[in-house]
Structures are given as structure tokens and as C-alpha cells.
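Every number here is computed from the coordinates shown, using simple stated rules; none is lab data. Computed from a prediction, not measured in an experiment: that's the story for all the values here. Quick reminder, even Gly has a Cβ in these numbers, built from the backbone with ideal geometry, and neighbours come from all protein chains shown.
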Amino acid sequence: MNTGAKRNLLKMLFPVLLVSAAAAQVQPRPAMAKKPLTPDQIAVYRAFLKQYLSEDSGSKGMLNIARTTTPFKAEASELNGGCLKDFKPLNVTSGVHAFTDQFADMKNVRVVNARETADHGISAPKASEAILQQGLLTFSEVIFDPTHQYAAVSYSFERPMWGNGGIEVFTLDHGVWKPTRRNCTISSWMA
């Protein structure tokens, strides 16, 4: 094959290779779970919100919660002797869930989907901007240890110029999920 033919072949293959590389980096959206949220999962989310919205936390105003959960992810250090040491083997559910009316009775909580048109006729881009100005709390799926005495959920709270997140661990105490002091990966970031 002569040099000109090689160049032409590379010119034809380069866009294909570029598109293939870009497609390989795109993460597929997680599938929606086939089963609904369990009462314990809902109780853990509600226990988190009770703590997050407490008088001591300083949270005031409306809290926007992302409609769809994300998969639970943890660092190896958190599993190996860290705050998730009791969670081996890591019991991660397949799929994610969409919140519906689980928090309807909580007056300062609103479940939102920034991609959809908001209530009151605001266009989707303006609704997304308004939601992000107030902040958006995103939950992961709740995971449980093998004995079902501990639960963990990761979260992120994002605003336009900063955010924070982490993993909260809860314990089942006489049928009620309560936060523990074993929180890990609490971090903040600024743009």
C-alpha cells in the first residue's frame, strides 16, 4: 500500500475511531429497578432528611431532591476497615428508583426533575436554573449490611458554584433507622 492510500485510509478511519472512542466513554443510564422502594429504604431516606433539615443543620427554605436515585458507589478504603466495613459483601441493588410521593408530607421537601418542565409554566431550562440556584440533593440507592442492622446512602448537594457530599450510615434501633457517627467520604467542592 503506497503512502497516499495509507493517508486516505487514515482519513476515512479517523472519524470512525473518534466516534467509537467517544461512545465508549459515555456511561449508559442505569436501568430503573423492577421492584419498588422497600419501606426500609424509604425510612432511611426520611431519616437522612430529618437530620439534614434539623434546626441544628442550618438548612432553611425548600430542599429540592432529584427524582431519580443513582447507583451506590464506594471507595475501597471505605470498605476495607472504613465506615462500610460491616457491608461486606457489598449488597448493591441493580437499577435505580424514581421518587414519587415518599416525601409528600414533608413541607420543605420537593422532588424535582430538572429536565422536565417545572410547575407553573416555567420552561425546562429556566426551571433547571431555578432549581440549581436553590440547590439539588441527589441520593444514591440505599444499601444494607448482611444482617440488615446497618444501612448506607451516599448523597450530593449541588449549587452552581459549590457542593458537598458523602456517605451516611444508619443503624436500626428498635425498628427505627437512626444516623450513626460512622459517616465517610464527606467532601466539599467549589467551581
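Can you check what the net charge comes to around residue 103, using other residues whose Cβ is under 15 Å from the Cβ of residue 103 (Lys, Arg +1; Asp, Glu -1)?
Net charge around residue 103: +3.
What is the local net charge at residue 149, summed over the other residues whose Cβ is closer than 10 Å to its Cβ (Lys, Arg +1; Asp, Glu -1)? Surrounding charge for residue 149 is -3. Scalar couplings 3J(HN,Hα) for segment 158-171, obtained by applying the Karplus form with A = 6.51, B = -1.76, C = 1.60 to θ = phi - 60°, are 10, 10, x, 10, 7, x, 8, x, x, 10, 10, 10, 10, 10 Hz; x denotes Gly and Pro. Which FRET efficiency value, to the nearest 0.05, is calculated for residue 62 and residue 180 with the Förster distance at 22 angstrom and r the Cβ-Cβ distance? With a Förster radius of 22 Å, E is 0.20.
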